[in-house]
1. Considering only the other residues whose Cβ falls under 11 Å of the Cβ of E123, what net charge follows from Lys and Arg at +1 and Asp and Glu at -1?
2. Provide Rg over Rh for the range 46-196; use the alpha carbon set for both Rg and the Kirkwood Rh (inverse mean inverse pair distance).
3. Dimensions of the range 186-253 along principal axes (Cα, Å, largest first)?
4. Please say if the range 15-70 is rounded, prolate or oblate, where rounded means a/c under 1.5 for a ≥ b ≥ c the square roots of the C-alpha gyration tensor eigenvalues, and otherwise the choice is prolate for a/b larger than b/c and oblate otherwise?
5. Under 14 Å from the Cβ of R242, count the other residues' Cβ atoms, weight Lys and Arg +1, Asp and Glu -1, and hand me the total.
6. Whole Å is fine, so just give me how far the alpha carbon centre of the range 257-277 lies from that of the range 104-123.
7. In a shell of Cβ-Cβ distance under 15 Å around A53, excluding A53 itself, what net charge do Lys and Arg (+1) and Asp and Glu (-1) give?
8. Per residue, how much accessible area does the chain have with a 1.4 Å probe, in Å²?
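The values are calculated or read from the model by the stated rules, or taken from the named source; none is laboratory data. Please read these numbers as outputs of a predicted model, since none were measured by experiment. No Cβ is skipped: glycine too gets one built from the backbone with ideal geometry, and neighbour counts run over all protein chains shown. Ligands, DNA and RNA are excluded from the accessible area calculation, which covers all protein heavy atoms including side chains. Shrake-Rupley method; radii C 1.70, N 1.55, O 1.52, S 1.80 Å.
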Amino acid sequence: MPEAESAPDRYALVGHPVAHSRSPLIHQLFARQTRQRMTYELIDAEPAQFETAVRGFQAAGGRGMNVTVPHKEAAFALAKTHGEAARIARAVNTLTFTAGAIRGDNTDGIGFIRDVTVNHKREIAGARVLLLGAGGATRGLLGPLLAAKPASLVLANRTVERAAALRDQFAAHGAIDVCSFADLAARGSFDILINATSAGLHGEQPPFPASLVTAQSFCYDLAYSLNMTPFVTWASAQGAGRAVQGWGMLIEQAAESFAIWRGVRPDTAPIRAQLVR
């Protein structure tokens with residue numbers, strides 16, 4: 001009798017909430033393109049349940065997990081070994097399980113940089129950059145942003161103390177100027193604005209002054225939606241030269257995670273065209 005075919009390798013996204021995520025579709029398209037036998041599921045876990053969810057999935061034969069808010073810093077603490085980007089960020093969005101061990105990587109930064117510079121053809125080197133928000137997503141962006149050599153990088157947060165803590169953490173990698181949202185009106189305009197906050201997602205107006213934006217500004221929202229996000233709506237209303245959602249980053253960081261797990265990097269162009277359309 002022929003041998004029974006082995007079950008496909010299992011992967012998942014863990015976060016809270018995750019029901020809205022398009023990651024299963026993206027990885028399904030990657031797997032089809034590269035002829036990989038794998039499944040990808042969603043696991044909703046509150047912070048108190050995070051470690052149990054990860055170890056349970058690993059024990060059940062899972063090969064790896066993506067990690068989204070609010071667990072990226074907890075994932076760094078859980079992993080025993082780390083890739084360079086994760087070590088610098090002290091945040092993890094990709095877990096790999098091998099021989100009972102857990103490795104943590106961070107593909108957020110490389111996914112973001114690739115989307116901005118390759119897909120949107122926007123130069124970061126020499127630009128005045130504003131990064132809004134000092135949460136887990138920001139940790140993954142700061143190292144690659146500094147490595148891209150902007151003319152200046154301002155990190156703004158509702159509470160300046162949290163931004164200052166990240167400035168100090170990344171001091172060895174480049175200069176970061178910090179301020180509160182309330183102080184942004186005195187900072188003039190920026191070439192590139194990156195929204196890493198949840199501002200506006202619950203119906204309120206993003207709390208940023210219009211003076212940040214000019215007709216030359218490129219505004220990037222890490223959030224993504226089937227409709228325009230509040231930040232993109234706000235940036236467009238201020239006359240931004242271009243305002244985009246984070247679909248491209250979502251796809252590019254997923255491709256980097258996929259390459260870590262499967263040893264092959266999918267072609268993101270057709271997936272990007274299908275999803276962004």
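1. On the way: positive: K121, R122, K149; negative: D191.
Value of the local net charge: +2.
2. Values: Rg = 16.6 Å, Rh = 16.2 Å.
Radius of gyration over Kirkwood radius for the range 46-196 works out to 1.02.
3. In descending order, the Cα extents are 33, 26, 17 Å.
4. Values: a/c = 3.35, a/b = 1.51, b/c = 2.22.
Because a/c hits 1.5 or more and a/b fails to exceed b/c, the range 15-70 counts as oblate.
5. It works out to a net charge of -2.
6. 13 Å
7. Numbers: positive: R10, R55, K72; negative: E41, D44, E46, E51.
Computed value for this residue: -1.
8. Numbers: 12570 Å² over 277 residues.
Per-residue accessible area for the chain comes out at 45 Å².
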